[in-house]
1. Which parts of region 29-43 would a label at Leu100 reach, counting a residue when its backbone N lies under 20 Å from a point 7 Å out along Cα-to-Cβ?
2. If you roll a 1.4 Å probe over the heavy atoms of the protein chains, what accessible area per residue do you get for the chain, in Å²?
3. Starting from 0 in steps of 10 Å, tell me what percent of the Cα-Cα pairs of region 1-72 lands in each bin.
4. Straight-line reach from Lys86: which lysines have Cα under 22 Å away, leaving out those fewer than 8 places along the same chain?
5. Calculate the length of the line joining the C-alpha centroid of region 1-19 to that of region 35-70, in whole Å.
6. What does the extension gain come out to for Thr68 and Thr116, with contour length at 0.36 nm per residue minus their alpha carbon separation?
7. Once the Cα atoms of region 10-119 are picked out, what are the Rg and Dmax in Å?
8. In terms of Cα to Cα distance under 18 Å, which aspartates and glutamates are near enough to Lys75, apart from those fewer than 8 places away along the same chain?
Amino acid sequence: QVQLVESGGGLVQPGGSLRLSCAASGSIFAIYAMGWYRQVPGKQRELVATITPSGSTSYADSVKGRFTISRDNAKNTGFLQMNSLKPEDTAIYYCNLWRLVTGPQGGTWGRGTQVTVSS
């Protein structure tokens, strides 16, 4: 089973940037699809972006044009580049990896990394 560790979160001012990383181990990273999700207290976890093993991407409307999801299979790591950050982007960000045959419901979650956007 794949294991995931998110990193790169922190405190940033509105308009700033952060780059989140999702480091995978224990399996063949290249065959997994990857998604970034975020969650704030009292609200449902929200899908932010996805990338397939072939590199096809999708984004939530709320982050389109500001966030970029990518992957480096040689480093077994996925990324979420977040630019033009807004206070409403504040959340715990989670990485999820899944085989296409299972879908994200059958995937593996990391433990999350906190992103706080505040002046």
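1. It comes to 29-36, nothing else.
2. Result: 52 Å² of accessible area for each residue.
3. Taking all Cα pairs of region 1-72, the binned fractions are 16, 47, 31, 5 percent.
4. Lys43, Lys64
5. Cα centroid to Cα centroid, the span is 13 Å.
6. 15.5 nm
7. 13.5, 43
8. Within reach: Glu6.
The values are calculated or read from the model by the stated rules, or taken from the named source; none is laboratory data. Values in this document were obtained by computation on a predicted structure and should not be read as measured data. Note: ideal-geometry Cβ built from the backbone for every residue, glycine included; neighbour counts use all protein chains shown. Ligands, DNA and RNA are excluded from the accessible area calculation, which covers all protein heavy atoms including side chains. Shrake-Rupley method; radii C 1.70, N 1.55, O 1.52, S 1.80 Å.
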